[in-house]
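Asker: Below you will find the structure I want to go over with you.
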Amino acid sequence: MTKRAAFVIGATGGLGRASALALSRDWDGVAIGYHSSPGKAEQVSAELAPGCEGWPVHCDLIDSASVASAIAGAKAHFGHLGTVVFASGVAIEQPFVSKINEAQWREVFETELIGLTRVVAATLPIFREQGGGNFVIAVSVANYAFPPGDALSSVPKAAMESLGRAIAKEEGRHGIRANMVAPGIIDAGLGSSYLQNMYTPQIWEAQRKKIALQSFGSGEDIGEAVAFLASDRARYITGQTLIVDGGFSL
């Protein structure tokens, strides 16, 4: 039986897990892409909505063969691959530009930007053969309201956002869409670690008060945005960035 399936790259992280859970309400299957945590991937798979099959699959973004094998494996397993969500990233601190060395730049660019190009290269032929499909790429609100210390994260994601627009413009004639989600301050995954361990509670309280909705976001907020853009409800939306930040960037 051919199943409409989603593939989440980085599904064991905070935003990736939330995306997989939200997608599982709309899709017959979700491929749970992981790098080094098979146990977490199995756990996410077990948490999916009833009737949705979870399929954990190893995917190393710095290895083209691993990426190609994971994407092809998901297509073979489910028969149809409708959306690929890129929600993976490097766990980094927030150094100022003057403190970032070349090795740090290379690590983030290699994993996130070049990793995304590997995912796109492996997926586009499948989408074209099927006559359609879509990408949803997690980027950063810092490209709209820059907080000091966020360059190591936001600079590669600016390039990822540009790549998403290029895919939308060039591949739309094949029925292929690409959109981005730009999270604000989110209490999930790496964001939760920042809120707990970086800066003082007083600094975070001041940041909270600057947000129009006066609260930090949750993983579910991002998951819902991802699920919408991946679905047929967004069939006429492509090349866009949905900012999910509670009004932080206003």
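The values are calculated or read from the model by the stated rules, or taken from the named source; none is laboratory data. Computed from a predicted model, the values in this text were never measured in an experiment. For neighbour counting, all protein chains shown are included, and Cβ atoms are generated from backbone atoms with ideal geometry for every residue, glycine included.
Asker: State yes or no: is ALA212 outside any helix (DSSP H, G or I), modelled with pLDDT of 90 or more and within 27 Å of TRP27 (Cβ to Cβ)?
Answerer: Here the answer is no, as ALA212 does not meet what is asked.
Asker: Going through the stretch 103-154 one residue at a time, which ones are hydroxyl-bearing (Ser, Thr, Tyr) and either surrounded by 24 or more Cβ atoms within 10 Å (Cβ to Cβ) or assigned to a loop (DSSP other than H, G, I, E, B) (or both)?
Answerer: Within the stretch 103-154, THR123, SER140, TYR144 qualify.
Asker: Quick check on this structure: which one of GLY16, GLY39, GLY54 is loosely packed, with under 15 Cβ neighbours inside 10 Å and either among the small types (Gly, Ala, Ser) or in contact (Cβ under 8 Å) with a residue 24 or more places away in the chain (or both)?
Answerer: Selected residue: GLY39, the only one of GLY16, GLY39, GLY54 that is loosely packed, with under 15 Cβ neighbours inside 10 Å and either among the small types (Gly, Ala, Ser) or in contact (Cβ under 8 Å) with a residue 24 or more places away in the chain (or both).
Asker: So, GLN43, is that one farther than 17 Å from VAL8 by Cβ and not in a loop (DSSP other than H, G, I, E, B) or not?
Answerer: Answer is no for this residue.
Asker: Which members of the stretch 71-100 meet the condition of being among the charged types (D, E, K, R) and assigned to a loop (DSSP other than H, G, I, E, B)?
Answerer: If the condition is that a residue be among the charged types (D, E, K, R) and assigned to a loop (DSSP other than H, G, I, E, B), then GLU93 is the only one that fits.
Asker: Then there is this: Would you call GLY82 surrounded by fewer than 23 Cβ atoms within 10 Å (Cβ to Cβ), more than 23 Å from GLU110 (Cβ to Cβ) and out of contact with any Asp or Glu (no Cβ under 6 Å at 6 or more places or on another chain)?
Answerer: no
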